[in-house]
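First the structure, in the form of structure tokens, and then the observations on it.
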Amino acid sequence: MTQRILVARAIFPETLARLRAHFDVEDNPDDAVPTREQLLAKLRDKAGVLTTGGERIDAELLDACPQLRAVCNMAVGYNNIDVPACTARGVVATNTPDVLTETTADMGFALMMAAARRMAEGERYLRAGHWKKWSYDMLIGHDVHGSTLGILGMGRIGQAIARRGALGFGMQVIYHNRSRLAPELEAPLGARWVDKATLLREADHLVLVLPYSAASHHAIGAAELAQMKPTATLTNIARGGIVDDAALAAALREGRIAAAGLDVFEGEPAVHPGLLEVPNVVLTPHVGSATLATRRAMADLAADNLIAALTGGTPPTPLNPEVLARR
Ligand code: 8YV
């Protein structure tokens, strides 16, 4: 009998067609965001699901949906999936690393530059008709080239941002991560591992690229913001919840740091009202991986994972390969 799968949100027609060649697919052409109850109900008779990062897959859901064998996220971040709970139940979990690294790094760099050079403020100023004359200090910002780039989290995307900074913009790269990079990765970037306090104190532009977990919740709050330079910028392309958005809004309002660039928010798509009120923050709606080529590559990889996981193959990017070994 053909296995049933759920594609939780709207997706490229080509991806759906590929999946339909293997499975009986319930799709979501209206792209309605399923409630928890709806997700549970939809998954009761499914062998697999293509999630998009927003659907919570936890022990309770897995127990309610014992037929589920594969959870394939179309995202590199997988804080929506309880991987140990999947592993304990023999459910394959996958994500989409690598294919979005460079695109997301581009976005991080763009947000950092936009914050440092006050691009969103400048555009609002011009559109509002305030630009009447040149002034020496109109929208004066802070240099990116030659400055110190601080990276918190130095995985694939962190390293791609470091490359842009070091090789393209002559920046000194410092980073903090649980583990140090191998010397052969540090050397071409001139990247220096520092403790978190040094990172906060020395970075001119701090970019957050670490995964979200209980350990990284509010990794940047009032105490950390207080250690940063008043001329520094903060960019978050990782996950909402890593930054205490209320504390950041206060720091921006009081000029305790110069500016911020944010693609992710605590409780998104809601945005802390304090962030909407301050001018010195550039806000984008979680679009770090949103280029046509990259979203296609993410969809293809998620589909490859799902097809392999449910047809006895080897998914290219498993999060719990031990489940495959046990099959
Ligand atoms: C996704 C992301 O678009 O891959 C990730 O972790 O944050 C983005 O690329 C987002 O998670 C929605 O699926």
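The values are calculated or read from the model by the stated rules, or taken from the named source; none is laboratory data. Just so we're clear, the structure is a prediction, and the values are computed from it rather than from any experiment. Neighbour counts run over all protein chains shown; Cβ positions are idealised from the backbone, glycine included. Side chains included, ligands, DNA and RNA excluded: accessible areas come from the protein's heavy atoms. Shrake-Rupley method; radii C 1.70, N 1.55, O 1.52, S 1.80 Å.
Would you point out the residue of the stretch 242-282, among those that are within 14 Å of the chain's Cα centre (by Cα) and touching a residue at least 60 places away in the same chain (Cβ under 8 Å), that is farthest from the ligand (Cβ to nearest atom)?
Gly261
Just to be sure I understand the filter: pairs with C-beta atoms under 7 Å, separated by 6 or more residues or on different chains, first member in the stretch 98-121 and on the phi > 0 side of the Ramachandran plot, second member buried (at least 22 other Cβ atoms within 10 Å of the Cβ) and modelled with pLDDT of 95 or more. Which pairs pass?
These pairs meet every condition: Arg118/Ala259.
Does the stretch 288-303 include one or more residues that are within 30 Å of Arg89 (Cα to Cα) and touching a His at 6+ places or on another chain (Cβ under 8 Å)?
No - not one qualifying residue is present in the stretch 288-303.
Against the conditions (1) in a helix (DSSP H, G or I); (2) open to solvent by less than 10 Å² (accessible area, probe 1.4 Å), where does Ile174 fall short? Just the number, please.
Condition (1) is where Ile174 drops out.
Failed condition for Cys86, given (1) within 16 Å of the ligand (Cβ to nearest atom); (2) crowded, with 23+ Cβ neighbours inside 10 Å, with all others met?
The number of the failed condition is (1).
Here is a check on your reading of the model: is Thr198 polar (S, T, N, Q), part of a loop (DSSP other than H, G, I, E, B) and more than 16 Å from the ligand (Cβ to nearest atom)?
When the stated conditions are applied, Thr198 does not pass them.
Mind listing just one residue for me: the one in the stretch 283-327 that is among the acidic types (Asp, Glu) and touching a residue at least 40 places away in the same chain (Cβ under 8 Å) and, of those, nearest to Leu19 (Cα to Cα)?
Asp300
Among the residues of the stretch 58-69, is there at least one that is crowded, with 19+ Cβ neighbours inside 10 Å, in contact (Cβ under 8 Å) with a residue 12 or more places away in the chain, among the aliphatic types (A, V, I, L, M) and within 13 Å of the ligand (Cβ to nearest atom)?
No - not one qualifying residue is present in the stretch 58-69.
Of Pro183, Pro188, which residue is more than 26 Å from Ile242 (Cα to Cα), in contact with a helix residue (DSSP H, G or I) (Cβ under 9 Å, 6 or more places away or on another chain), outside the structural domain of Arg296 (by TED's automatic domain parsing) and without any contact (Cβ under 8 Å) to a residue 60 or more places away in the chain?
Unique residue meeting the criteria: Pro188.
Can you name the residue in the stretch 89-108 that is among the hydrophobic types (A, V, I, L, M, F, W, C) and away from the ligand (no atom under 16 Å from the Cβ) and, of all such residues, is nearest to Ile11 (Cα to Cα)?
Among residues in the stretch 89-108 that are among the hydrophobic types (A, V, I, L, M, F, W, C) and away from the ligand (no atom under 16 Å from the Cβ), the one nearest to Ile11 (Cα to Cα) is Val92.
The rows are residues; the columns are (1) assigned to a loop (DSSP other than H, G, I, E, B); (2) assigned by TED's automatic domain parsing to the domain that holds Pro230.
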position: Pro84; (1), (2): no, no
position: Ala114; (1), (2): no, yes
position: Tyr136; (1), (2): yes, yes
position: Gly150; (1), (2): no, yes
position: Ile157; (1), (2): no, yes
position: Gly168; (1), (2): no, yes
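Of the conditions (1) out of contact with any strand residue (DSSP E or B) (no Cβ under 6 Å at 6 or more places or on another chain); (2) open to solvent by 50 Å² or more (accessible area, probe 1.4 Å); (3) at pLDDT 95 or above, Gly255 satisfies every one except a single condition; which number is it?
It is condition (2) that Gly255 fails.
Residues in the stretch 8-24 that are part of a helix (DSSP H, G or I) and open to solvent by 30 Å² or more (accessible area, probe 1.4 Å): how many?
Final tally of qualifying residues: 5.
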